[in-house]
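Every read-out reported here was derived from the displayed coordinates using simple, explicitly stated rules and does not represent laboratory data. Owing to the predicted nature of the structure, the values given are computational and were not obtained by experimental measurement. A quick note on method: Cβ atoms are made from the backbone with ideal geometry, for glycine too, and the neighbour counts reach across all protein chains shown.
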Amino acid sequence: MASVKISIIGAGSAVFSLRLISDICKTESLAGSFVTLMDVDESRLDAAYILASQYARDMKANIQFEETIELEKAISGADFVINTALVGGHAFLEKMRKIGEKHGYYRGIDTQEFNMVSDYYTLTNWNQLSFFLEIATMMEKLSPNAWLLQAANPVFEGTTLISRKSKIKMVGFCHGHHAVNDIVDTLNLEKEKIDWQVAGFNHAIWLTRFHYDGKDAYPILDEWFKEHPNGKSPKNPFDDQLSPAAIDTYHFYGRMPIGDTVRNSGWKYHYDLETKKKWYGGPWGGADSELGWKWYEDRLREITALTSKTAELLKKNKNVKLSEALSANFSIIPADFANEVKSFYDPSILSGEQHIPFIDAIVNNHTNRFVVNILNNGVIAGIPNDVAVEIPARVDKDGIHPEEITPPLPERIIKWYLYPRMARMEWALEAFEKKNPDLIVEILLRDRRTHSYEQARAVVDEIFKDIS
């Protein structure tokens, strides 16, 4: 058992922070740890601090908290830094998207072939990439032995960039691999009999191994597709793991796309709203349509308002438990979030986020399996060593031990999907590092939405006049 200092950057995202806090409070081997919550939005930070502190009291957990708006204070002396921050927030991303659409780029210029995820901005959010490097540089000075756990998007570009530029220990995390469970549940398979493996890049991972009771389970999946040629109707815009787009992508590449890979599946599925509805189902057309993303933003506003209201109640009444304050509003918040809040109080249920179990594995040698983003270093054949890949690995006190990818990724995925995605990453990082918007114009000249050089030039000039 060991206590550590954990700093959460961007802690004003109260829901994600609560997930991490609930995991810390339920991990007895991290008792006595000190958690610093950092955010530049003081009102949201204060709400997150109040909720986290009350939750720890409710759970009788031996965890101490502090809040700060100073990045340097959060990083100084930390053992683990979890970066969840989105510089400028979704408001900045939507501003950039509107400029893009004004110039004829449906869903904004960051929506590119094999990069359709609505908040995975790499071409325009140089502020985000700069912040990544600022954190790494500050850690080298103030906490050189600490781990950076990169949760903020873009994880692929961010993990690659930081790992190339800094000597700090770091790992990138995403929860997209949990979509394997959607397949397992839909097929009514017993989870304990499943042996699976995913590999690729962040938001570009594939189900390389899928065994059930020691046998290849892909035939079971193929049979389900025969019986359900139109896939599964979505319950929400993000419910796309067994959508027509996922099935069609599988038929072309020979392996199932997992998680956000389904969203990053090429222009064939994204030309316009009607096309999106065809491939991702109605009424939204997936998470990355104008309707699907509005659903997400509306839901985010509802939950943010709830957490703020709850924090105010707790601030005024010290005798109210967090669970009581939240449950009073269950009738007016999304049902899935209400269920998640209830699970916070079950000591046997962790959030599913990997950050705290990873810390526990490193600190207390509680060996566990994770899906991590680290530099390739020979794990996936054909991918350069200095490019971040997303792969399964065993983690213990000695660090990260990647699994051998067996069977290997098919050549079609490597050459037709990963190579183009990797090239786009390299272009974006070069443009950022050289602070050269002309390179973004060059990228757009390869975009199917571009009709002239003047169009690409105009959109880049408008976007970067306040950035570069």
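Overview of results
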| item | result |
| --- | --- |
| In nm, spacing of pseudo-spin labels at E66 and S29 (7 Å Cα→C-beta vector) | 2.7 nm |
| Placed amide H near T208: partners under 5 Å, 5+ positions off or other chain | Q197, V198, A199 |
| DSSP H segments from the chain that extend 20 Å or more along their own axis, Cα-based, with Kyte-Doolittle mean of 1.6 or above | none |
| Low-density loop cleavage sites - trypsin sites (Lys or Arg not before Pro) in segment 378-432, where at most 11 other Cβ are within 10 Å (DSSP) | K397 |
| Protection proxy ranking, peptides 315-321, 300-306, average beta carbon neighbours within 10 Å, highest first | 300-306, 315-321 |
| Fewest-first ranking of I349, I405, I380, using other Cβ atoms within 10 Å as the exposure measure | I349, I405, I380 |
| Qualifying chymotrypsin sites (Phe, Trp or Tyr not before Pro) in segment 203-274, DSSP loop, other Cβ atoms within 10 Å at most 16 | Y271 |
| Cα-based equivalent ellipsoid of segment 267-423: semi-axis lengths in Å, sorted from largest, via gyration tensor | 37, 29, 12 |
| Projected label distance in nm at A2 and N317, using a 7 Å step from Cα toward the beta-carbon | 4.3 nm |
| Whole-Å distance, taken between Cα centres, linking segment 359-386 and segment 269-298 | 34 Å |
| Filtered chymotrypsin sites (Phe, Trp or Tyr not before Pro), segment 324-401: DSSP coil and at most 16 other beta carbons within 10 Å | Y345 |
| Dimensionless Rg/Rh of the chain - Kirkwood Rh, Rg from C-alpha atoms | 0.95 |
| HN-Hα J in Hz across segment 445-452 - Karplus 6.51, -1.76, 1.60, θ = phi - 60°, x for Gly and Pro | 5, 9, 8, 4, 7, 7, 9, 7 |
| MRE, 222 nm, helices only [DSSP H, n ≥ 4, -39500 (n - 2.57), over the chain, to nearest 500] | -13500 deg cm²/dmol |
| Mean Cα-pair separation over length for segment 360-468, i.e. relative contact order, pairs under 8 Å, 6 or more apart, % | 17 percent |
